[in-house]
Each structure stands twice: as structure tokens, then as C-alpha cells.
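Student: Before we start, here is the structure in question, set down as C-alpha cells.
The values are calculated or read from the model by the stated rules, or taken from the named source; none is laboratory data. Just so you know, these numbers come straight off a predicted model, no measurement behind them. Methodologically, a virtual Cβ is constructed for each residue, glycine included, from the backbone with ideal geometry; neighbour enumeration extends over all protein chains shown.
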């Protein structure tokens, strides 16, 4: 028989129910991050991230960007990974692991800061944030899959605190200085990656101004901070890397930017479907048409990132990550918080879970797409440990992350021979007049000269020639000087249409 003393003891030792419930979201968020950590061990390193780690290593070795290293993107792409590469050298750790850890910490910091800012609003007290926080953690850490660490992933993480501040501005609520600084810096970093990312910021600011019926917030200090950061980065690029404007940008303008994928590739894809489902979820759960401040900001950002995705005209999954991530956040917020009564919650709960699960599964598949290059690492490992590697191909995925996986050294100053590939696409998909054709031929000659120079400067141990995509073997055999350089090499094998040539001397 229990006594009153026993009852008191049990109440003292057992935490109250509401405290146990408050701890549960934190435990589940921790579980999400654990899954994300495990995924980093099994999902291959992204091709572009692997190349930009090589770029960072070369920059630390004293090579000059856009001169000794030819990169298609502005300097922000390289500098985003430079701290991780430097820290990896200090710790004697592969920088891929350092960058992975940094991004997971950035995701945690972004979620925490965004949550702190949005909770400054008295209206947030009416929202149950636990389930949505778990969902947001999964969207930011698990959903990226193979595009984890891409610039678009980083830009999404840095943008979120600004999104929370935009929500407060639309309610005409005060924003503390620390939140202003954090939001301005985050949005500025996002915009510094790509000018296309101006659209989500502009739409968020405009939507907030319309909702608050005040135009003064358009000139809020966080917007000024973001503008200053973009200006400093632009001026710094002009002063420190003039070759980006004199060498790289003309190449990009006349080749990469001159053509477009077909409309079906750009618009009819999983990213567009997920955005449509998200907007439909918002419409169905907010039938009054009145969106609360956080949801309005997320909708504006997702539409803005969608505009940036479509304007890039490629339809590539990693370009769509910010658009899809914000759409997923919209969907989760709408379905998890759009409940007017308990009966409504019971009626829609199961359907909401199914919709979110199906959308997340589709997103995982969309972002896990990658080029299969076969068992090249195993074939190369049998030939020579830690080789110097040269790849003749327009497909970047052949060399990266292969060269990092085998502990090799990449010989070329380019991620891949992208100029020849982009010139081919330009000629196939656009009308080329005589002056443009002459410029394209000059670009091809320049890339060939870079290749020959790199070959002579650091002769590779192995050369991979891609015969499956673009006839690179025929191209190499047709070039007398390149054929002479390949003279000391023998065919050691062929994997998935890629010839492996090994040096015999």
C-alpha cells in the first residue's frame, strides 16, 4: 500500500509531462543531425565541392585564382571553402570532413538563430514549434543528399536568419541589433554567391512592405548591411582578381550563358512539382488568404529562389535546392501549424504526414542524382598509389571526387575541359555568327594551350580519356602536340568508356 510520502517522492523524481514533451523535440533534432552525420559517410562527396576543395588547397599553396586556377564562378565560391581547407591542414584531416562538420554546425546555428529571432514576436507564442523545428532540421541537413555543401546549400543556411527578420518587419515589430547584424551578414553572404539570389531577398522585402503598409522597412539596416557586403565583395573581386572580368567572364558570357536547356528540362522536374505542392498546401490551409508573417516570408523566398532557378536555365538539381528547401519549409509550416480546431487536426493529421513523407522522399531522390562513372577508383588503385591525374573530358564527375578518393593530385587548372563542352553546346543550340565563331575558336585554342602547359609543367602518372561523352580520344589523336605528349603512355584498361593511360617511363 502506497503512502502519501511515496506519492510525493514519485512526483519529485518524475519530471512534469510538459517538461518531458519540451525535451522530445530536442532529442529528435539531435537524431536528425546524427542521421545527417551518418549520411556524410556513405553519400559521395559532391563533384563541385570536391573541385573547390582542390581550388582552396592550390590557393593556400600560392596559386592565383583565374590565372593558375580557372574557375567559372566568382571568388566567393572558392572562399566559402577556404577556411575548412586551412583548418584541415592544421588538424591534418581531409578538408571534406572539416567542411561537412562546419556545414552541420552552420545548420544548427542557423536554425537556432532563426528560432530565437522569430520567437521575439508575441504572435509566435500561439505556434507549436517543436514538430516544425524537427522538419526544418531534416530539410537542411538530410534532404540535400548529394548536393550537401554546394554553394546553394550554404546560401540557404545563411539566408534563414534574414528570413526571420523580414517576418518581424512585416509585423512592424522591433528587431534587436544582434538580429539585424546577423540577418544583414547572412543575406549579404547569400547574395555574394550569385546575383540570381537577389530575387528572394527582394521579394521578401517587398512582401513585408506591402503587408506592413510601410515602405520605410525597405531601407532597414539589415538591407543596408547586406548591400555593403555585396559591394565590398564586388570591389574586392575587381581589385584582387581582375582576371575574372578580363578572362573568365567573357568566356562564361560567350559559352556558358549563351545557351539554355530545353523548357521541359527547366520547368518539368521534381523541383517544380515540390514547389507546386507546397503552394497548394498553403492555399488549402490558409483559405482566408491571410498569411501570417513567417509563412509570408517563406512563400516569398521560395518563389524568389524559384525565379533564380528558372533564370539559370539549366534545370540542374543543385540549382534548385534553395527553392525546394524553402518550399518544403512552407509545406511543413502550413501543414503542421494550420489547425483551427482539434477536430481539424485529427482530420488532416494523417494526410499531412503522408504528403510530407512523399514530398521528402521525392526530394531525396531528386538531390541524390549523380553521374555514374563505374569502378574507376578500384582500377586506378591497382595501377599506382596517389597518382598525378589528368582527365580529358567535359564531364567533371569523372575526375571529382575521384582524385580525392584515391589521394591523387589533379594536374589540370580546370575542373574539366568545360570550354570545349560549352562551345559545342553553344554551336548546337544557338545561332553563331562569324565574329562569335572566331571568339569561340580563340577560346578553344586558349583551353588547349592551358592543357598543354599543365601537361608539361606536371606530367601526369595517369591520363583518363573519355570516349563515351564527346569523342575525346579522337580529339586527342588529332592533335599532333598532344599525341606526342601521350607517347610515353600505354593503355592500361578501360572502364565505362573511359580509357586509362599509364606512364611507361
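Student: Here's a check for you: in the stretch 486-498, which residue that is closer than 14 Å to residue 391 by Cα and in contact with a helix residue (DSSP H, G or I) (Cβ under 8 Å, 6 or more places away or on another chain) is surrounded by the fewest Cβ atoms within 10 Å (Cβ to Cβ)?
Tutor: Looking at the filtered set, the residue picked out is 495.
Student: Please pick out the residue among 229, 266 that is in a helix (DSSP H, G or I), at pLDDT 95 or above and surrounded by 20 or more Cβ atoms within 10 Å (Cβ to Cβ).
Tutor: 266
Student: Related question: Residues in the stretch 439-467 that are in contact (Cβ under 8 Å) with a residue 60 or more places away in the chain and outside any helix (DSSP H, G or I): how many?
Tutor: 9
Matching residues to (1) at pLDDT below 95; (2) on the phi < 0 side of the Ramachandran plot:
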| position | (1), (2) |
| --- | --- |
| 428 | yes, yes |
| 456 | no, yes |
| 463 | no, yes |
| 470 | yes, no |
| 477 | yes, yes |
| 487 | yes, yes |
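Student: Sticking with this one: Being farther than 21 Å from residue 447 by Cα and touching a helix residue (DSSP H, G or I) at 6+ places or on another chain (Cβ under 9 Å) is the filter; apply it to the stretch 48-74 and report the residue that is surrounded by the fewest Cβ atoms within 10 Å (Cβ to Cβ).
Tutor: Looking at residues that are farther than 21 Å from residue 447 by Cα and touching a helix residue (DSSP H, G or I) at 6+ places or on another chain (Cβ under 9 Å), I get 60.
Student: Restricting attention to the stretch 484-505, which residues are touching a strand residue (DSSP E or B) at 6+ places or on another chain (Cβ under 8 Å), in contact (Cβ under 8 Å) with a residue 24 or more places away in the chain and assigned to a loop (DSSP other than H, G, I, E, B)?
Tutor: Matches in the stretch 484-505: 497 only.
Student: Which pairs turn up if I take residues in the stretch 346-364 that are under 15 Å from residue 285 (Cα atoms) and look for partners that are at pLDDT below 85 and surrounded by fewer than 19 Cβ atoms within 10 Å (Cβ to Cβ) with beta carbon separation below 8 Å, at least 6 apart in sequence or on another chain?
Tutor: Once the first residue is under 15 Å from residue 285 (Cα atoms) and sits in the stretch 346-364, its partners that are at pLDDT below 85 and surrounded by fewer than 19 Cβ atoms within 10 Å (Cβ to Cβ) give 348/339.
Student: Take the conditions surrounded by 14 or more Cβ atoms within 10 Å (Cβ to Cβ), over 19 Å from residue 425 (Cβ atoms), touching a strand residue (DSSP E or B) at 6+ places or on another chain (Cβ under 8 Å) and modelled with pLDDT of 95 or more and apply them to residue 321. Does it pass?
Tutor: No; evaluated as a whole, the condition is false for this residue.
Student: From the list 49, 127, 90, which one is out of contact with any strand residue (DSSP E or B) (no Cβ under 9 Å at 6 or more places or on another chain), in the same structural domain as residue 189 (by TED's automatic domain parsing) and without any contact (Cβ under 8 Å) to a residue 60 or more places away in the chain?
Tutor: The match here is 90.
Student: Hey, any hits in the stretch 411-419 for a residue that's free of Cβ contacts under 8 Å to residues at least 40 places away in the same chain and within 20 Å of the chain's Cα centre (by Cα)?
Tutor: yes
Student: A further question follows. Quick one: in the stretch 464-484, which of the residues that are farther than 21 Å from residue 403 by Cα and in contact with a helix residue (DSSP H, G or I) (Cβ under 9 Å, 6 or more places away or on another chain) is surrounded by the fewest Cβ atoms within 10 Å (Cβ to Cβ)?
Tutor: Step by step, filter the stretch 464-484, then rank; the result is 483.
Student: Also, quick follow-up: Among (1) more than 29 Å from residue 406 (Cβ to Cβ); (2) in contact with a strand residue (DSSP E or B) (Cβ under 9 Å, 6 or more places away or on another chain), there is one condition residue 63 misses while meeting the rest; what is its number?
Tutor: Here residue 63 meets the rest and fails (1).
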